[in-house]
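Taking it in order: structure first as structure tokens, then the write-up.
No lab work stands behind these numbers, since they all come straight from the coordinates. Please read all numbers here as calculations on a predicted model, not as lab measurements. Quick reminder, even Gly has a Cβ in these numbers, built from the backbone with ideal geometry, and neighbours come from all protein chains shown.
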Amino acid sequence: DAKTTQPPSMDCAEGRAANLPCNHSTISGNEYVYWYRQIHSQGPQYIIHGLKNNETNEMASLIITEDRKSSTLILPHATLRDTAVYYCIVRYHSGNTPLVFGKGTRLSVIA
Amino acid sequence: EPEVTQTPSHQVTQMGQEVILRCVPISNHLYFYWYRQILGQKVEFLVSFYNNEISEKSEIFDDQFSVERPDGSNFTLKIRSTKLEDSAMYFCASNQGAGETQYFGPGTRLLVL
């Protein structure tokens, strides 16, 4: 089972920041937090990952709390094309550990 | 930018038939995976593959399933005798080094009639 908890759905106005929360209270010290998204039934798309420091790339920012029990994915200026299911996954960085997907958060960006 | 590719994009088959789903992972990647997603449900892990052997498999990956890397570029999933409940999207994924980010292909939609 997934080790993360996410709200089932969220709405966001186009052009505003979308803040997607994730709880991972049982995360262990060497597990990373990964975010993927899935648009319709396309293959999951990698967004960003981190261990304990905040991370930013061209797609999003990832804020991880100091105790690492929760994180927030931020899409700074959401567009209609960001409408998707967003998955928060914790995973060891070793071998070929599979990803364990939960139900994710369905983000609807509204014009 | 390198991508994982999958063929075919759609496959329709009769129950009991064999199907082979094909994937071309990113060229310098060494770790390969198959996942599936039944309509409306979660993405589920099937199998991981490294150094020409299965590393891990889930309960779903029973004797009807097999994987192979027949040459230096393809990674295939074979379902020997398809069942109605095998209807799903099948995703291939790969990563370069141990524990590194997995990248997914666009998927094959399999429909078993």
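Rounded to the nearest Hz, the phi-derived 3J(HN,Hα) couplings of segment B:98-111 under the Karplus curve 6.51 cos²θ - 1.76 cosθ + 1.60 (θ = phi - 60°) are 4, x, 7, 4, 8, 10, 9, x, x, x, 10, 8, 9, 10, where x marks glycine and proline.
Candidate cross-link partners of B:Lys57 among the lysines, defined by an alpha-carbon separation under 26 Å and a same-chain spacing of 8 or more, comprise A:Lys3, A:Lys103, B:Lys42, B:Lys78, B:Lys83. Taking every alpha-carbon pair within chain A, the share separated by more than 26 Å comes to 12 percent.
Residues whose amide H comes within less than 5 Å of that of A:Ser108, counting only those at least five positions distant or on another chain, are A:Met10, A:Asp11, A:Cys12 (H built at 1.01 Å from N in the peptide plane).
The A:Asn54 and B:Leu84 beta-carbon pair, evaluated with R₀ = 41 Å, returns a calculated FRET efficiency of approximately 0.30. GNM remark for chain A: springs join alpha carbons under 10 Å apart, and the peak mean-square fluctuation among A:His40, A:His77, A:His49 falls on A:His40. For B:Gln96, put the label point 7 Å out on the Cα→Cβ axis and report which residues of segment B:3-41 keep their amide N under 16 Å from it. Residues passing the 16 Å test: B:3-4, B:25-32. A Förster distance of 35 Å, applied to the separation of the beta-carbon atoms of B:Glu68 and A:His77, puts the FRET efficiency at 0.20.
Assuming charge only on the beta carbon of Lys and Arg (+1) and of Asp and Glu (-1), the dipole of chain A about its Cα centre is about 180 debye to the nearest 20. In order along segment B:31-48, phi translates into HN-Hα couplings of 10, 10, 9, 10, 10, 9, 9, 6, 3, x, 10, 6, 6, 10, 6, 10, 7, 10 Hz, rounded to whole numbers, per the Karplus curve 6.51 cos²θ - 1.76 cosθ + 1.60 with θ = phi - 60° and x for Gly and Pro. Rounded to the nearest whole Hz, the Karplus-based 3J(HN,Hα) values (6.51 cos²θ - 1.76 cosθ + 1.60, θ = phi - 60°) of segment B:73-87 follow the sequence 10, 8, 9, 10, 10, 10, 10, 5, 9, 5, 10, 4, 6, 7, 4, with x at glycine and proline. Between the amide H of A:Gly95 and those of B:Gly99, distances stay under 5 Å, these residues lying 5 or more places away or on another chain, with hydrogens modeled in the peptide plane.
Among A:Arg37, A:Arg91, A:Arg16, the largest mean-square fluctuation in a Gaussian network model of chain A, built with springs joining Cα atoms closer than 10 Å, belongs to A:Arg16.
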